[in-house]
Each structure stands twice: as C-alpha cells, then as structure tokens.
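To start, the structure under review is shown below, and the notes come after it.
What follows is calculated from the coordinates using simple rules that are stated; it is not laboratory data. As the structure is a computational prediction, the values presented were derived from the model and not from experiment. Counting neighbours? That spans all protein chains shown, and the Cβs are built from the backbone with ideal geometry, glycine included.
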Amino acid sequence: MAVAGVLKEAEVTAALDACKDAGTFDHKKFLKACGMSGKSEDEIKKAFKIIDQDNSGFIEEEELKLFLQNFKAGARALTDAETKTFLKAVDSDGDGKIGIDEFAAMVKA
C-alpha cells in the first residue's frame, strides 16, 4: 500500500519531480507540495503505519531512506546525507528513530 492512496496523484507527482535529483529533498517542501500537511490526524497515522514497514511503531533510518517510495513505486531512495538530515530534523527526542508523535508534528509543522 502506498501513502499516495490518501493524496492527489498530481500533487504527489509534482512533489516527487521537485526532488528527483539526489541532494534536493526537503521534507517540509515535499510534505506541503504533496498535500500531506493538510490531512487529518487519522490519515497521518495511516501514512505513518505505511512508512513503518516493519511495524515496530517507529520509522528507523533504513525506512526513512525509502520514504519517497512510499508515495510512488519506483521513486528514488534518499541519499545518506538527506536521510540523516531528515532524521535529525524530525527526531525531537534524539533516540535515532521517528515515533508517531514526531511524525505527526513534522507533517503539521
């Protein structure tokens, strides 16, 4: 299942196109462009569960690297630098992973 199921395909495509080159991903711009920031709490939780591939209750670094692929099959993986920057920006408690509350705060920021 892809997060795109709760988003408009044209917005997802535009958001992915804007960060198709390595080193160009900005989570704030991406989430706004794809329409994620306007979603309900339930839709955000649904998206979190999709991105949390191993159902651990957290999005770990390896899952974060594949973040864009949750929006469209075949999308690129984030670079190591993009992944680390993304994790550092969202991981408010410093445990090296993103919990549901951190994810929701990021989406709504």
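Using 0.36 nm times the number of residues separating residue 14 and residue 49, minus their current alpha carbon distance, what extension gain do you get?
10.3 nm
If you only keep lysine pairs separated by 8 or more in sequence, or across chains, how many in segment 1-56 come under 23 Å at the Cα atoms?
Lysine pairs meeting the criterion: 23.
Once label points are set 7 Å from the Cα along Cα→Cβ at both residue 93 and residue 41, what is their separation, rounded to one decimal in nm?
1.8
Mean-square fluctuation check for the chain, GNM, Cα pairs under 10 Å: which of 91, 21, 52 is largest?
With Cα springs under 10 Å in the chain, the top fluctuation among 91, 21, 52 is at 21.
Given the rule -39500 (n - 2.57) for each run of at least 4 DSSP H residues, summed and divided by the residues of the chain, what is its mean residue ellipticity at 222 nm, to the nearest 500 deg cm²/dmol?
That comes out to -13500 deg cm²/dmol.
So what's Rg/Rh here for segment 70-109, counting alpha carbon atoms and using the Kirkwood radius for Rh?
So for segment 70-109, dividing Rg by the Kirkwood Rh gives 1.01.
For the chain, what log10 I(q)/I(0) values come out of the Debye formula at q = 0.15, 0.21, 0.22 1/Å, with one point per alpha carbon and no solvent?
These q points yield log10 I(q)/I(0) values of -0.55, -1.19, -1.33.
Could I have the simple spin-label model distance between residue 101 and residue 32, label points 7 Å from Cα toward Cβ, reported in nm to one decimal?
Output for this residue pair reads 2.6 nm.
Would you please state the base-10 log of I(q)/I(0) at q = 0.23, 0.24 1/Å for segment 1-56, with intensities from the Debye formula using one equal scatterer on every alpha carbon?
-0.95, -1.00
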